[in-house]
Amino acid sequence: MGKKTHRKAKTLTLRAVQDCVDLTLDGKRRLDLSLKGITAVPKCVQKLFDMDELDLSRNLLRKIPDFIKHFVSITVLDLHSNYLEELPVSIGHLQALKALNLCNNRLTSLPSELGLLTNLHILYLGLNQLTALPGTIGNLKELQQLGLSDNLFTCVPSCLGKLKKLERLNLDRNPLLTQQMPGHKMAVAADSFYMVKESLLCEKCLDKCQTQKEKMENTEVFWN
């Protein structure tokens, strides 16, 4: 019988990591470690804490190390398409962040420290296993785009009402519940559920939204 071969976890040297630094079109220093097949963030990455952007997407990461807190100057952090089941509370130190992508992971909950990222403009959380958001998300006063599609939300999180600058909310393909009659709930598949500011809609779309709203209100009165 042949010998079983065990695939070793891929590691990156400091030199290899340094070779992954490039400049964006607007002159930002970006460390691109996407598609490297790594199962853990290399410790040597700490030496490049002065980056503006960090891309760790499309790897095999199961956790983000606490030393992420040293990257206090990054404005973009991309962690999509990994195997993350949780985030460290130290992520709250990244208060310069403007964009955070956590799509396509295995997150079931989020730390309340996310609410410390008060400069965040974009937060993508689609394709996870979230059922709720921490109330501190309501502290993200600069948030403009929030992606929550393909999760397990049964209702729109109430903390979103505090996000006055929110322009786009995507809740596609969540098992949202609508009130059918007292004591009963009916599950609906939210295939196209978006929230946008009225100022972004044309007159025709505004009329359509108003008509739909009146239909929902009439249905609610009928069951009550």
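Quick look at the values:
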read-out	value
Of all residues making up the stretch 44-64, the number that are in contact with a helix residue (DSSP H, G or I) (Cβ under 8 Å, 6 or more places away or on another chain) and in a loop (DSSP other than H, G, I, E, B)	2
Residue in the stretch 85-96 that is among the hydroxyl-bearing types (Ser, Thr, Tyr), on the phi < 0 side of the Ramachandran plot and in a loop (DSSP other than H, G, I, E, B) present	no
The stretch 79-95, subset open to solvent by 20 Å² or more (accessible area, probe 1.4 Å) and touching a Phe, Trp or Tyr at 6+ places or on another chain (Cβ under 9 Å), residue nearest to Leu125 (Cα to Cα)	His80
Selection status of Thr108, under 29 Å from Leu133 (Cβ atoms) and open to solvent by 30 Å² or more (accessible area, probe 1.4 Å)	yes
Residue within the stretch 160-180 that is modelled with pLDDT of 95 or more, closer than 18 Å to Ser81 by Cα and among the hydrophobic types (A, V, I, L, M, F, W, C) present	no
Residue within the stretch 112-130 that is among the polar types (S, T, N, Q) and within 22 Å of Asp52 (Cβ to Cβ) present	yes
Given (1) buried (at least 19 other Cβ atoms within 10 Å of the Cβ); (2) over 12 Å from the mean Cα position of the chain (by Cα); (3) in a helix (DSSP H, G or I), index of the condition Leu166 fails	(3)
Residues of the stretch 111-135 satisfying the condition of being under 16 Å from Asn170 (Cβ atoms), open to solvent by 60 Å² or more (accessible area, probe 1.4 Å) and either in contact (Cβ under 8 Å) with a residue 40 or more places away in the chain or in contact with a Phe, Trp or Tyr (Cβ under 9 Å, 6 or more places away or on another chain) (or both)	Tyr124
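The values are calculated or read from the model by the stated rules, or taken from the named source; none is laboratory data. This one's a predicted model, so the numbers in the text were calculated from it and none came from an experiment. Every residue, glycine among them, receives a Cβ derived from its backbone with ideal geometry; neighbour counts consider all protein chains shown. Note: accessible area is taken over every heavy atom of the protein model, side chains too, but ligands, DNA and RNA are not part of it. Shrake-Rupley method; radii C 1.70, N 1.55, O 1.52, S 1.80 Å.
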